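One structure is given here, and the rest of the page talks about it.
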Ligand SMILES: Cc1cc2nc3c(=O)[nH]c(=O)nc-3n(C[C@H](O)[C@H](O)[C@H](O)COP(=O)(O)OP(=O)(O)OC[C@H]3O[C@@H](n4cnc5c(N)ncnc54)[C@H](O)[C@@H]3O)c2cc1C
């Protein structure tokens, strides 16, 4: 395809981290044709991480978290169709159909549809006061119900649940987190890290209950009032936030006959099995040569880096996407930065002491003596070196990782 041809059209479905980056990268790579982002949300692309952090805590407003200013899209001639949901793709005709029946044609199509929240399927979820936390509309609804101190009940002790707990506790609400597993962050961190965060929340006055599953919500006048757990325990609640994970928005691709399996199946160039359709972000299942596996990630760095690869594919300049996964979480004054994936670890060693009151340590994850990942708590320097050690697959001994006097810089 001649990318200088102004008659070409690239349609991007989904206007968030991946969609916005893809559009901008297309222009940077010389795409001269039309670019249109179709987004079901009512706003220009905004950063999602602050939703559970600064936005929920009332420290920032939507206008502070736009990914790029409106003027940039205007300057780059990037069009938007907001509040518009794509309902169907017709690959033969190279068109998409919106929910209102509008047909829009494309030469290249990018699916940046991200993920949606996993819903709790129990009795009482239709009561008012029960919320999820995925987009700005969710945060607005939650904040609209927080005019006075409330009893807030959070289902799920993962990152979203704990970040929401921290933000709401700082606003002086009474916060309880219930986690079905034996410890918070069980799916993603080692016990040492879980215990650290549990203790931190406890210190701040958040009540965390583990090994407990929610069975139903009860209410009066259609508003939630009580949370009943499977063991019969009852909690009072004015407002509930459910944070139990997400599912990839892959149905549009699947209905169009594209391969999906825990995400839209793409190659290392973000290309689907249709040469005119790419996909990027939370919705993709992609190979990563660095990790030697296929995976689906839910993180901003992944959405942005994969979107760049997708733009390169559209422009006929394929560039492999094989970045090291990384992620972060902010809770109170703690910045957790995670480098790599700890899947299958058989050893955890610590640099620093989680219990010394300094809120500063690193949990290193190893498998068969090889470094897999690092959870860096208020340790930006170690995070930087961890990323390099992992990306370059540099051998490092556990005793070097744990020794505060050993300069990791020597190894990279
Ligand atoms: C509260 C919260 C906190 C987070 N914190 C962090 C963090 O600290 N660090 C981090 O790295 N990541 C964090 N994440 C994850 C991160 O936000 C996601 O990984 C990132 O947003 C993925 O971007 P995306 O563009 O792939 O998809 P999404 O952000 O999910 O965007 C997809 C967009 O497509 C739209 N869409 C879907 N289907 C259609 C359709 N058919 N038609 C039109 N539009 C459609 C959706 O409405 C949405 O606007 C957080 C997420 C949440 C919800």
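Of the strands (runs of 3 or more DSSP E) lying entirely inside segment 190-234, those containing at least 1 residues that are touching a helix residue (DSSP H, G or I) at 6+ places or on another chain (Cβ under 7 Å) span 207-209.
Number of residues in segment 352-373 that are more than 16 Å from the ligand (Cβ to nearest atom) and surrounded by 22 or more Cβ atoms within 10 Å (Cβ to Cβ): the value is 6. For residue 63, all conditions in the list (1) part of a helix (DSSP H, G or I); (2) under 30 Å from residue 173 (Cβ atoms); (3) within 11 Å of the ligand (Cβ to nearest atom) hold save one; what is the number of the exception? Here residue 63 clears every test but (3).
With respect to the conditions (1) within 15 Å of the ligand (Cβ to nearest atom); (2) over 19 Å from the mean Cα position of the chain (by Cα); (3) under 30 Å from residue 132 (Cα atoms); (4) not in a strand (DSSP E or B), residue 25 lacks only one, and its number is (3). On inspection, residue 363 fails the criterion of being within 23 Å of residue 186 (Cβ to Cβ) and without any contact (Cβ under 8 Å) to a residue 60 or more places away in the chain.
Quick one: how many residues across segment 92-116 are under 18 Å from residue 258 (Cβ atoms), in a loop (DSSP other than H, G, I, E, B) and either within 12 Å of the ligand (Cβ to nearest atom) or outside the structural domain of residue 265 (by TED's automatic domain parsing) (or both)? Residues flagged as under 18 Å from residue 258 (Cβ atoms), in a loop (DSSP other than H, G, I, E, B) and either within 12 Å of the ligand (Cβ to nearest atom) or outside the structural domain of residue 265 (by TED's automatic domain parsing) (or both) within segment 92-116 amount to 3. For segment 287-304, a residue qualifies if it is in a helix (DSSP H, G or I) and surrounded by fewer than 22 Cβ atoms within 10 Å (Cβ to Cβ), and the qualifying residues are 300, 301, 304. Of all residues in segment 117-137, those satisfying the criterion of being touching a strand residue (DSSP E or B) at 6+ places or on another chain (Cβ under 8 Å), within 26 Å of residue 302 (Cα to Cα) and either part of a loop (DSSP other than H, G, I, E, B) or more than 15 Å from the ligand (Cβ to nearest atom) (or both) are 118, 119, 133, 134.
No other residue among 15, 58, 30 is under 24 Å from the mean Cα position of the chain (by Cα), more than 14 Å from the ligand (Cβ to nearest atom) and assigned to a loop (DSSP other than H, G, I, E, B) apart from 58.
Between 83, 53, 94, 108, the distinction of being surrounded by 17 or more Cβ atoms within 10 Å (Cβ to Cβ), touching a residue at least 24 places away in the same chain (Cβ under 8 Å) and within 23 Å of the chain's Cα centre (by Cα) belongs to 53 only. All conditions in (1) free of Cβ contacts under 8 Å to residues at least 40 places away in the same chain; (2) buried (at least 19 other Cβ atoms within 10 Å of the Cβ) hold for residue 313, with the sole exception of (1). Filtering segment 262-284 down to residues that are more than 15 Å from residue 295 (Cα to Cα) and without any contact (Cβ under 8 Å) to a residue 24 or more places away in the chain, which residue is farthest from the ligand (Cβ to nearest atom)? Checked segment 262-284; the qualifying residue farthest from the ligand (Cβ to nearest atom) is 275. Here segment 130-166 is the region considered, the condition is being surrounded by 23 or more Cβ atoms within 10 Å (Cβ to Cβ) and farther than 20 Å from residue 246 by Cα, and the residue that is nearest to the chain's Cα centre (by Cα) is 166. Can you tell me which residues in segment 138-175 are part of a strand (DSSP E or B) and in contact (Cβ under 8 Å) with a residue 60 or more places away in the chain? Result: 151, 152, 153, 154, 155.
Results for (1) over 19 Å from residue 150 (Cβ atoms); (2) assigned by TED's automatic domain parsing to the domain that holds residue 53; (3) modelled with pLDDT under 95, shown as yes or no for each residue.
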| residue | (1), (2), (3) |
| --- | --- |
| 174 | no, no, no |
| 178 | no, no, no |
| 209 | no, no, no |
| 220 | no, no, yes |
| 226 | no, no, no |
| 231 | yes, no, no |
| 234 | no, no, no |
| 237 | no, no, no |
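The values are calculated or read from the model by the stated rules, or taken from the named source; none is laboratory data. In this text, all values refer to a predicted model and were calculated from it rather than measured experimentally. A quick note on method: Cβ atoms are made from the backbone with ideal geometry, for glycine too, and the neighbour counts reach across all protein chains shown.
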